[in-house]
1. Given the criterion within 29 Å of residue A:375 (Cα to Cα) and not aliphatic (A, V, I, L, M), identify the matching residue among A:295, A:214, A:281.
2. Kindly check whether there is at least one residue in the range B:84-93 that is surrounded by fewer than 17 Cβ atoms within 10 Å (Cβ to Cβ) and more than 7 Å from chain A (Cβ to nearest Cβ).
3. Take residue A:321 and tell me if it is closer than 14 Å to residue A:69 by Cβ, surrounded by 20 or more Cβ atoms within 10 Å (Cβ to Cβ) and in the same structural domain as residue A:281 (by the TED database).
4. Which of the strands (runs of 3 or more DSSP E) contained wholly in the range A:5-112 include at least 2 residues that are at pLDDT 70 or above and of a type in the set (A, V, I, L, M, F, W, C)?
5. Within 13 Å of chain B (Cβ to nearest Cβ), more than 29 Å from residue A:375 (Cβ to Cβ) and not acidic (Asp, Glu): is that true of residue A:170 in this structure?
6. Would you check if residue A:364 is assigned to a helix (DSSP H, G or I), facing chain B (nearest Cβ under 10 Å) and touching a residue at least 40 places away in the same chain (Cβ under 8 Å)?
7. Take the conditions buried (at least 19 other Cβ atoms within 10 Å of the Cβ) and of a type in the set (Lys, Arg) and apply them to residue A:259. Does it pass?
8. Condition check: surrounded by fewer than 22 Cβ atoms within 10 Å (Cβ to Cβ) and either within 7 Å of chain A (Cβ to nearest Cβ) or out of contact with any Leu (no Cβ under 8 Å at 6 or more places or on another chain) (or both). Does residue B:116 satisfy that?
Amino acid sequence: MAVSTIYSTQALNSTHFFTSSSSSKQVFFYRRQNNRRFNTIITCAAQQTVVIGLAADSGCGKSTFMRRLTSVFGGAAEPPKGGNPDSNTLISDMTTVICLDDYHSLDRTGRKEKGVTALDPRANDFDLMYEQVKALKSGIAVEKPIYNHVTGLLDAPELIQPPKILVIEGLHPMFDERVRDLLDFSIYLDISNEVKFAWKIQRDMAERGHSLESIKASIEARKPDFEAFIDPQKQYADAVIEVLPTQLIPDDNEGKVLRVRLIMKEGVKYFSPVYLFDEGSTISWIPCGRKLTCSYPGIKFNYAPDSYFDHEVSVVEMDGQFDRLDELIYVESHLSNLSTKFYGEVTQQMLKHADFPGSNNGTGLFQTIVGLKIRDLYEQLIANKATAPAEAAKA
Amino acid sequence: MSATASHGGVMMLPSPSRPLQHQRPPTVTGSDMFRVRRKEPRGLRLVVAATAKYKGTKMREEKLSEMIEEKVKEATEVCEADVRSEECKVAWDEVEEVSQARADLRIKLKFLNQDPLESFCQENPETDECRIYED
């Protein structure tokens, strides 16, 4: 879809002539009058794709984060219709989510032969990843490979049309510097080891092949590669969502109540961090009290400026759980810079997916807020691109 | 600023173990098992039960569960020799990959009511994979 903006409505006559520059999709009108040249620029801007990177070690295309994000933009994200049923891609009206596992250069057998895990950069084709993300960002469709997680093979490619918002999700969105530079915004989902263990128990214990030992062994075996290749990416992220065990319940090792920290980089273009009460100050807030009754273990918020890998950041932290709708609304009404379009939008989004994991704690809350921030960033970027060519040069 | 919701009631938000009380209005209701095959108007979404609808998906679920069992056994054996070896790391990474694939399928069916074979089976209802699975 091309957007053409016209800055002059004067009719063409013999004093007008134009040249067009096909690479930049701009048409220049030159008009001579009294020996003075007036240039009017008409720009047909090809759709510019906004690219978001999400680093997560929880598989692709199904993560609740993705669902919440695409839902903020409206519409449900679904796998491409009529294609490979094992496709990892999700498409909605505005967004396309690509799983970076599709850029594995080695399939399961290949990795076994070479002795590398999927976490290892040697198992991934960063050149192809860069080329294709770059192409999609410039509005060019690509034939993207499909990595089939069931068979462990690389299947025939699928055609991906450039969307308005491209999300690349996986283990290495920020690993390669060239790909990193293409990202308009990046998020790292940092799950602590205790929480990871608890979640994997919930995920796998029902499977007859698994036991506590096997789950533990799997996490331990992947740790060295994870720490060497995946974890260092968090220093590049614009936002980090850190998930830790709660501090409200002593010795809680079930991982049900969570302490979640939203670490937001300062100075990122089009991104204004969320804050509590007074920007830049340090706040500790327990909303439960006279106006709001909460059930055990309650809710505790913290907000403070901090330093993260030598960057200035702001951190909003939530420990505890929401038990009722009015708790959620109350909390939302006290947070600032949420980029909501109306009062209660965060609550509404949370309720829309109330059956998703994390809907009653900071993971759902911060994922939703990041989704709104991305929408805000997208709208600012698009508005900025539309007004930029409005400078008509006068010679 | 009042903390109580304006409509006066309280709605339970689910904790991980409790499902949400209210239901979203379904777009199409009706038993899938006995549904007469007819052309659905575009845009209408079917509400599928939270288990595999097609035989192909059921087979895939079972295959993944088997693979988990196999690969856990394999990894345990390989790692007996040397827990730090590359073979051991790769073996457990495979277990992780297959466990995640299994969980993804479960979530797709349960939370999203999407059978991955849905659109394939719309086009090819006569294939073996697309037979309706009956428990």
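The values are calculated or read from the model by the stated rules, or taken from the named source; none is laboratory data. Every value quoted in this text rests on a predicted model; they were computed, and no experiment measured them. Don't worry about glycine lacking a Cβ; one is built from the backbone with ideal geometry, like all the others, and counts go over all protein chains shown.
1. The unique qualifying residue is A:281.
2. Among the residues of the range B:84-93, at least one is surrounded by fewer than 17 Cβ atoms within 10 Å (Cβ to Cβ) and more than 7 Å from chain A (Cβ to nearest Cβ), which makes the answer yes.
3. no
4. The strands (runs of 3 or more DSSP E) meeting that bar are A:50-55, A:95-99.
5. So residue A:170 does not fit the description; no.
6. Answer is yes for this residue.
7. Against the criterion (buried (at least 19 other Cβ atoms within 10 Å of the Cβ) and of a type in the set (Lys, Arg)), residue A:259 qualifies.
8. no
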